[in-house]
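Student: Here you go, one structure.
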Amino acid sequence: PLCVILFVFVQLSNGNAAYEHYYRQLDPANTGKISAGDAAQFLKKSGLSDSTLGKIWDLADSDRKGYLDKRGFFIALRLVASAQGGNDISRNSLNKNVPAPKFVSVKL
């Protein structure tokens, strides 16, 4: 079930220094929210198409909150990395072991 997948994913991602670093860049005050505009601007640096990023957003903001919390942002990062590796954008992609996503002009 999705709950188990997301739980496992978040457990794995919490120790990922790259994910934490990207998150801190977008939420330096640790508010727990990244606006849709800030997230979109950042995710566009992945070089993925707008349609691919739209699919990623739909999965990352599955509750349709209009912003990403940390879990949602980590899901988006994982899906970006998966797409950059040539994989489909789906919940199943969250289980794949992929390297950290790459973003143009964003330092790790």
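The numbers here are math on the coordinates, done by the rules we state, and not lab data. Note that the structure is predicted; figures quoted are calculated from it, not measured. Glycine gets a Cβ as well: all are built from the backbone with ideal geometry, and neighbour counts include every protein chain shown.
Student: Using θ = phi - 60° and the Karplus relation 6.51 cos²θ - 1.76 cosθ + 1.60, list the HN-Hα couplings for the stretch 55-60 in order, rounded to whole Hz, with x at every Gly or Pro.
Tutor: Calculated HN-Hα couplings, in order: 5, 4, 4, 4, 7, 6 Hz.
Student: How much space per residue, in cubic angstrom, does the convex hull of the C-alpha atoms of the stretch 2-95 take up? Could the numbers behind the result be given before it?
Tutor: Working: hull volume 8.7 nm³, N = 94.
Each residue corresponds to 92 Å³ of Cα convex hull volume.
Student: Another one. Between the stretch 88-103 and the stretch 49-67, what is the C-alpha centre distance in whole Å?
Tutor: The distance from the Cα centre of the stretch 88-103 to that of the stretch 49-67 comes to 14 Å.
Student: Then there is this: Using packing as a proxy for protection, rank 85-98, 44-57 so that the peptide with the highest average count of other Cβ atoms within 10 Å comes first.
Tutor: 44-57, 85-98
Student: Continuing with the same structure: Straight-line reach from Lys33: which aspartates and glutamates have Cα under 13 Å away, leaving out those fewer than 8 places along the same chain?
Tutor: Asp61, Asp69
Student: Based on the alpha-carbon gyration tensor of the stretch 66-108, what equivalent-ellipsoid semi-axes (square roots of 5 times the eigenvalues) come out, in whole Å, largest first? Please list the in-between numbers first.
Tutor: Numbers: eigenvalues 53, 47, 14 Å².
Equivalent ellipsoid of the stretch 66-108: 16, 15, 8 Å, largest first.
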